[in-house]
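Q: One structure coming up, written as structure tokens, with questions to follow.
The values are calculated or read from the model by the stated rules, or taken from the named source; none is laboratory data. This one's a predicted model, so the numbers in the text were calculated from it and none came from an experiment. In this analysis, Cβ positions are derived from the backbone assuming ideal geometry, glycine residues included, and neighbour counts consider all displayed protein chains. Only protein heavy atoms, including side chains, enter the accessible area calculation; ligands, DNA and RNA are left aside. Shrake-Rupley method; radii C 1.70, N 1.55, O 1.52, S 1.80 Å.
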Amino acid sequence: MMNKNVLITGINGQDGSYLAEFLLEKDYEVWGTVKRNSVSETQSTRIEHLRSNKLINLEYADLTDMASLIRILNKIKPDEIYNLAAQSHVRISFDQPIYTANVTGIGTLNLLEAIRMVSPTSKIYQASSSEMFGNNIDNDGFQRETTPMTPVSPYGCAKVFSYNISRNYKNSYGMFISNGILFNHESPRRGTNFVTNKIVKAAVRIKLGLQDKLYLGNLDATRDWGHAKDYVEAMWLMLQADTPDDYVCATGKSHSVRELCEYVFSQLDLFYLEHIEINKKHLRPEELRDLKGDASKIKKELGWCPKYTFESMLDEMIEYWKTYYKQKDIIYV
Ligand code: NAP
Ligand code: GDD
């Protein structure tokens with residue numbers, strides 16, 4: 001039997017790399033898009049360990065370059081497409097709002113239009129986000145599929161556009177498109193300018209005497225943090241359903257940035273307040289204050305069952321950075 005073909009845009013991102021591993025284990029033929037970078041080694045850092053697998057293929061493409069998407073779709077005609085590519089950093093979206101709208105918003109439309117023309121029967125996963133809700137919270141304290149969306153960042157606005165245009169293409173053209181409304185998910189592969197990995201990496205470095213201070217922004221924001229490995233399984237489950245639909249993925253537990261600091265530093269026998277300073281440059285012009293998701297729909301309908309807890313996820317990240325610096329011949333004290 002032929003292997004199923006899958007296309008992952010943004011395969012070298014945090015989620016793309018875990019999803020590629022997950023799908024290779026299921027014997028998919030995995031195609032991924034990478035962006036050209038002048039340092040070619042950084043184009044595929046997170047998936048370097050998978051490159052020898054015969055079932056993985058990389059292609060240059062950019063969501064802003066529709067011709068590159070058409071070329072790949074024509075070549076592969078994928079059974080499943082996971083649109084993970086994005087300018088995904090919320091703070092940076094305030095510095096580069098137009099770029100973010102072009103990639104994270106219009107880029108999705110470029111892809112959908114290319115799929116409609118070239119491969120309309122492909123099943124599509126759109127990486128939507130809890131950032132789309134803005135500061136709306138249901139009376140019970142949770143956000144869910146029905147919570148209104150009033151985004152508070154250029155990134156959130158671009159994601160709402162992608163969410164809406166995906167639904168519009170599903171309804172207008174009968175395409176199989178599901179939105180995963182994913183809450184924050186992390187891992188040792190998380191970019192180190194997102195708050196979890198920034199804190200864990202800095203705390204380990206402080207413990208080793210490599211750094212004195214950690215500069216952060218708002219410590220009082222709360223987030224619902226899960227593990228990326230659990231969340232890529234949810235993406236796949238959505239495309240195995242009989243009909244397309246939109247699903248929230250979250251742990252249902254939320255913690256403040258302050259609590260996260262407290263936990264990570266205490267795991268290293270440090271007291272966070274002795275090492276943290278606030279720097280205004282990490283504050284956002286408008287902040288999304290609190291996130292806590294209700295994932296009962298995906299649990300009930302698709303049987304999704306996350307394995308990691310907040311603590312086990314952070315412990316894995318701490319271990320990663322401890323090992324990383326050990327391999328660099330630094331003695332951990
Ligand atoms: P990530 O690590 O930032 O990965 C994004 C990927 O997109 C990278 O491979 C990046 O390539 C690529 N990319 C950026 N601009 C592109 C463009 N113009 N054309 C093609 N590719 C481009 O993000 P992630 O954490 O894996 O998240 C995956 C997706 O889920 C994103 O759409 C994100 O917005 C969304 N999401 C994430 C979370 C979360 O908590 N992680 C939650 C909800 C939704 P380079 O590295 O070469 O720039
Ligand atoms: N990045 C960062 N750096 N965030 C900080 C810092 C800092 O120094 N100090 C405090 N924070 C706070 C932010 O203000 C925010 O409230 C929280 O930490 C989390 O920030 P990020 O880790 O950057 O994630 P995010 O919630 O803004 O966005 C992530 O999650 C979204 C889903 O809710 C990204 O992965 C988005 O792509 C994703 O859609």
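Q: What is the residue count in the stretch 53-69 for residues that are more than 19 Å from Glu29 (Cα to Cα) and among the aliphatic types (A, V, I, L, M)?
A: Of the residues in the stretch 53-69, 3 are more than 19 Å from Glu29 (Cα to Cα) and among the aliphatic types (A, V, I, L, M).
Q: Can I ask one more? Does the stretch 105-119 include one or more residues that are buried (at least 19 other Cβ atoms within 10 Å of the Cβ), assigned to a loop (DSSP other than H, G, I, E, B) and within 14 Å of ligand 2 (Cβ to nearest atom)?
A: no
Q: Are there any pairs, at least 6 apart or on different chains, whose C-beta atoms fall under 7 Å, with the first in the stretch 162-191 and farther than 21 Å from Asn102 by Cβ and touching a residue at least 12 places away in the same chain (Cβ under 8 Å) and the second open to solvent by 40 Å² or more (accessible area, probe 1.4 Å) and near ligand 1 (Cβ under 10 Å from one of its atoms), and if so, which?
A: Partner pairs satisfying both residue conditions: Arg189/Arg46.
Q: Given the conditions (1) within 16 Å of ligand 2 (Cβ to nearest atom); (2) not in a helix (DSSP H, G or I), report the number of the one that Ile81 does not fulfil.
A: Evaluating Ile81 over (1) within 16 Å of ligand 2 (Cβ to nearest atom); (2) not in a helix (DSSP H, G or I) leaves (1) as the failure.
Residues are listed down the side, and each one gets a yes or a no for (1) in a strand (DSSP E or B); (2) closer than 28 Å to Asn179 by Cβ; (3) hydroxyl-bearing (Ser, Thr, Tyr); (4) in contact with a Cys (Cβ under 6 Å, 6 or more places away or on another chain):
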residue: Thr243; (1), (2), (3), (4): no, yes, yes, no
residue: Val264; (1), (2), (3), (4): no, no, no, no
residue: Leu270; (1), (2), (3), (4): no, no, no, no
residue: Leu273; (1), (2), (3), (4): no, no, no, no
residue: Glu277; (1), (2), (3), (4): yes, no, no, no
residue: Leu288; (1), (2), (3), (4): no, yes, no, no
residue: Met313; (1), (2), (3), (4): no, yes, no, no
residue: Met317; (1), (2), (3), (4): no, yes, no, no
residue: Lys322; (1), (2), (3), (4): no, no, no, no
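Q: Next question, about the same structure. Somewhere in the stretch 42-64, is a residue of a type in the set (A, V, I, L, M), more than 24 Å from Ala234 (Cβ to Cβ), buried (at least 24 other Cβ atoms within 10 Å of the Cβ) and touching a residue at least 40 places away in the same chain (Cβ under 8 Å)?
A: Within the stretch 42-64, one or more residues are of a type in the set (A, V, I, L, M), more than 24 Å from Ala234 (Cβ to Cβ), buried (at least 24 other Cβ atoms within 10 Å of the Cβ) and touching a residue at least 40 places away in the same chain (Cβ under 8 Å).
Q: Would you please list the contacts, defined by Cβ atoms under 6 Å and residues six or more apart or on different chains, that run from a residue in the stretch 22-39 that is within 16 Å of ligand 2 (Cβ to nearest atom) to a residue that is at pLDDT below 95 and open to solvent by 90 Å² or more (accessible area, probe 1.4 Å)?
A: No pair meets every condition.
Q: Among the numbered conditions (1) buried (at least 23 other Cβ atoms within 10 Å of the Cβ); (2) within 16 Å of ligand 1 (Cβ to nearest atom), tell me where Lys198 comes up short.
A: With respect to (1) buried (at least 23 other Cβ atoms within 10 Å of the Cβ); (2) within 16 Å of ligand 1 (Cβ to nearest atom), Lys198 is out only on (1).
Q: Let me ask you something else. I'm trying to understand the selection: among the residues of the stretch 106-121, which are more than 15 Å from Lys35 (Cβ to Cβ) and either in contact (Cβ under 8 Å) with a residue 60 or more places away in the chain or near ligand 1 (Cβ under 8 Å from one of its atoms) (or both)?
A: Leu112, Ile115
Q: Which pairs have Cβ atoms under 6 Å, sit 6 or more apart or on different chains, and link a residue in the stretch 248-277 that is surrounded by fewer than 15 Cβ atoms within 10 Å (Cβ to Cβ) to one that is of a type outside the set (Asp, Glu)?
A: Here the result reads Glu277/Lys213; Glu277/Tyr215, each pair linking the stretch 248-277 to a residue that is of a type outside the set (Asp, Glu).
Q: Select from the stretch 131-158 the residues that are more than 18 Å from Arg223 (Cα to Cα) and surrounded by 15 or more Cβ atoms within 10 Å (Cβ to Cβ) and list them in ascending order.
A: Hits for the stretch 131-158 are Pro154, Cys157, Ala158.
Q: Determine whether the stretch 134-156 contains at least one residue that is under 30 Å from Asp27 (Cα atoms), in contact with a Lys or Arg (Cβ under 9 Å, 6 or more places away or on another chain) and not in a helix (DSSP H, G or I).
A: no
Q: Same structure again: Just one of Val39, Val34 is modelled with pLDDT under 95 and among the aliphatic types (A, V, I, L, M); which is it?
A: After applying the criteria, what remains is Val39.
Q: Here is a follow-up. Could you check the stretch 138-160 and list, in sequence order, the residues that are within 14 Å of ligand 2 (Cβ to nearest atom) and under 26 Å from Tyr99 (Cα atoms)?
A: Met149, Pro151, Val152, Ser153, Pro154, Tyr155, Gly156, Cys157, Ala158, Lys159, Val160
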